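The values are calculated or read from the model by the stated rules, or taken from the named source; none is laboratory data. Because the structure is predicted, anything quoted here is derived from the model rather than measured. Because the Cβ atoms are built from the backbone with ideal geometry, glycine has one as well, and the counts that use them run over all protein chains shown.
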Amino acid sequence: MKKISLIIVSVLLAGCASFNWQASSRAQAKTINHYLPWEKRKAQLNNLQNWQARGNLAARTTDQQGVNASFSWQQHYHCYQLIFFGPLGSQSAVLASNPERVCLTTHRQTYTAQNPESLLADQLGLRLPVSQLYYWLRGLPAPQSRYTTNLDAYNHLLKLRQSGWQVNYTHYSNSGVIDLPDRLEISNEKWQVRIAISHWDLH
């Protein structure tokens, strides 16, 4: 990882409110979890095709370099936009994907690549498994590779190990008739990423 890239992403995304690992009062108020058999829960979560998740993330390397950012993930079937926000809510970077291409726009410059992971790594120095996060954010393992799981009493994912990453889920809330994660931590040998989702919008 190039340190200069990490400095760039710090400038782009720093200045947000400090990362708060505690659930908001709104999230706590809607904590009503439901038991489902695991196969039914997976089917329910896989049926979510149009959704938006908003929140904050804090990414750190093992030598304690990293960034804090607010984000909005907007999913519409096979297309998504992952928007990062900088100081005062200003839009700093947009990662967009459709079946034809993946592009990253920062400071009026647009870059393209084969996959979102290489774009974020090359342009921002940020290692984020975006292709898997599409599933992990909803509390699902990605279908592309092998995995092992631990489930809680409600058959939510509690721990997931996949593609060299470990995902720990520490809190779920109910959005309408479905339980969704609002606090999770993903980590590998070099990175630790904490994600707090403040709002789910299901269409």
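Data table
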| quantity | calculated |
| --- | --- |
| Lone unmet requirement of (1) farther than 16 Å from Lys40 by Cα; (2) in contact with a strand residue (DSSP E or B) (Cβ under 6 Å, 6 or more places away or on another chain); (3) of a type outside the set (Ser, Thr, Tyr) for Glu189 | (2) |
| Filter pass, Asn115 being under 30 Å from Ala43 (Cα atoms), in contact (Cβ under 8 Å) with a residue 12 or more places away in the chain, loosely packed, with under 14 Cβ neighbours inside 10 Å and in contact with a helix residue (DSSP H, G or I) (Cβ under 7 Å, 6 or more places away or on another chain) | yes |
| Any hit, segment 177-198, residues being exposed (fewer than 14 other Cβ atoms within 10 Å of the Cβ) and small (Gly, Ala, Ser) | no |
| Those residues of segment 134-179 which are in contact (Cβ under 8 Å) with a residue 24 or more places away in the chain and either under 13 Å from the mean Cα position of the chain (by Cα) or within 22 Å of Phe84 (Cβ to Cβ) (or both), in sequence order | Tyr134, Trp136, Leu137, Arg138, Gly139, Leu140, Trp165, Val167, Tyr169 |
| Some residue of segment 38-54 being surrounded by 15 or more Cβ atoms within 10 Å (Cβ to Cβ), at pLDDT below 90 and in contact with a Ser or Thr (Cβ under 6 Å, 6 or more places away or on another chain) | no |
| Options Asp63, Asp122: the member that is outside any helix (DSSP H, G or I) and either without any contact (Cβ under 8 Å) to a residue 12 or more places away in the chain or farther than 24 Å from Ser198 by Cβ (or both) | Asp63 |
| Considering residues of segment 55-84 that are under 30 Å from Tyr154 (Cα atoms) and of a type in the set (A, V, I, L, M) only, the residue modelled with the highest pLDDT | Leu82 |
| Matching option when the condition is surrounded by fewer than 13 Cβ atoms within 10 Å (Cβ to Cβ) and in contact with a strand residue (DSSP E or B) (Cβ under 9 Å, 6 or more places away or on another chain), among Thr105, Thr149, Thr110 | Thr110 |
| Residue within segment 72-83 that is closer than 23 Å to Gln192 by Cα, touching a residue at least 24 places away in the same chain (Cβ under 8 Å) and not in a loop (DSSP other than H, G, I, E, B) present | yes |
